[in-house]
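Undergrad: Once you've had a glance at the structure underneath, I'll fire off some questions.
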Amino acid sequence: MLRHLRYYFDEEDTWFFYEVDSEGWTTRQVELEGPNRRAIAAASLAEFEHIRDTRGWDAAGVYTAKYGCTAEGQAGKEEDWSADDRPEYISAEEFEAHWRSARLAIETRRSALD
């Protein structure tokens, strides 16, 4: 079962949105930075692994440069968070809205550079 979390890291003014599997491993991640919530990452572990396995590490590097990467470790493992610094659970719908918006922003930004 997938769960969805959000976490605000005030030192970097960044919102993190995680989709995690039943063991707490991040499957997708969105990062929104600053007061305008600029999308800086919208990464999928499955996409990354597929590109790495079918097209190699260079292609995986291109993916990471464009979309960022998912958290290393188990972002959804509750015992790893301190009592006063925990992410909040959010709905799948809220996560999907941030995912779609971040992907669109990254694609639009990249298209403008091409």
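Undergrad: Taking the condition free of Cβ contacts under 8 Å to residues at least 40 places away in the same chain, of a type outside the set (Val, Ile, Thr) and within 14 Å of Phe95 (Cα to Cα), does Ala39 pass?
TA: When the stated conditions are applied, Ala39 does not pass them.
Undergrad: Limited to the range 39-58, what total is found for residues that are assigned to a loop (DSSP other than H, G, I, E, B) and crowded, with 17+ Cβ neighbours inside 10 Å?
TA: Total meeting the criteria: 0.
Undergrad: A further question on this structure: When you go through (1) at pLDDT 95 or above; (2) at negative phi one by one for Arg37, which number turns out not to apply?
TA: (2)
Undergrad: Of all residues being closer than 15 Å to Arg100 by Cα and out of contact with any Ser or Thr (no Cβ under 8 Å at 6 or more places or on another chain) in the range 1-38, which is surrounded by the fewest Cβ atoms within 10 Å (Cβ to Cβ)? Just the residue, please.
TA: Among them, the one singled out is Arg38.
Undergrad: Consider the range 59-79. How many of its residues are under 14 Å from Trp99 (Cα atoms) and surrounded by fewer than 18 Cβ atoms within 10 Å (Cβ to Cβ)?
TA: Of the residues in that region, 1 qualify.
Undergrad: Output the qualifying pairs, or none if there are none: Cβ atoms under 9 angstrom, residues six or more apart or on different chains, first residue in the range 69-97 and part of a loop (DSSP other than H, G, I, E, B) and acidic (Asp, Glu), second residue surrounded by 12 or more Cβ atoms within 10 Å (Cβ to Cβ) and at pLDDT 90 or above.
TA: Glu72/Thr26
Undergrad: If you take the residues in the range 75-98 that are closer than 16 Å to Ser22 by Cα and within 13 Å of the chain's Cα centre (by Cα), which one is modelled with the highest pLDDT?
TA: Ala75
The values are calculated or read from the model by the stated rules, or taken from the named source; none is laboratory data. These figures come from a predicted structure and were not determined experimentally. With ideal geometry, Cβ positions are generated from the backbone for all residues, glycine too; neighbour counts draw on all protein chains shown.
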